[in-house]
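To keep things clear, I will list the structure first and then write my remarks on it.
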Amino acid sequence: MKTLSEEEKRIILLKGTEAPFSGKYNDFYEKGIYLCKQCGSKLYKSEDKFKSGCGWPSFDDEISGAVKRILDKDGVRTEIVCSNCNAHLGHVFEGEGFTEKNIRHCVNSISLEFVKG
């Protein structure tokens, strides 16, 4: 596990949210793999990333088995966490029609690391 900054702890461990349009991966579209910032597990492929306009990186698929879904404490939304270390990633939404898969993983940039590939 990596040592996290205070802001990374606030989001990854305490389930916070970074400000919209502030994350370094919001408008970032290089080819590669997105990893969990805390443990380094592979989470998302760049080809599954799309521009949703929501202010956070959006993906319409995850690497198989990489992400767990948990009903949020608000009882409405579905939280997504790293399957390996339970790091908070963001939330998943269905039925919005952004892509053919009709799903959007709305992920905090600060929860991710990117590796070109």
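For segment 68-80, the tally of residues that are modelled with pLDDT of 95 or more and either of a type in the set (Phe, Trp, Tyr) or in contact with a His (Cβ under 7 Å, 6 or more places away or on another chain) (or both) stands at 3. Return the residue satisfying two criteria in turn: it lies in segment 30-46 and is of a type in the set (Lys, Arg) and either surrounded by fewer than 19 Cβ atoms within 10 Å (Cβ to Cβ) or over 12 Å from the mean Cα position of the chain (by Cα) (or both), and of such residues it is farthest from Gly90 (Cα to Cα). Across segment 30-46, the extreme among qualifying residues is Lys31.
Lys49 falls short on exactly one of the conditions (1) of a type in the set (D, E, K, R); (2) over 12 Å from Gly90 (Cβ atoms); (3) surrounded by fewer than 19 Cβ atoms within 10 Å (Cβ to Cβ), and that condition is (3). Please tell me if Thr17 is in a loop (DSSP other than H, G, I, E, B), β-branched (Val, Ile, Thr), out of contact with any Pro (no Cβ under 9 Å at 6 or more places or on another chain) and surrounded by 12 or more Cβ atoms within 10 Å (Cβ to Cβ). So Thr17 fits the description; yes.
The values are calculated or read from the model by the stated rules, or taken from the named source; none is laboratory data. If you're wondering where the values come from, they're calculated on a predicted model, not measured in any experiment. Note that we place each Cβ from the backbone using ideal geometry, even for glycine, and neighbour counts take in every protein chain shown.
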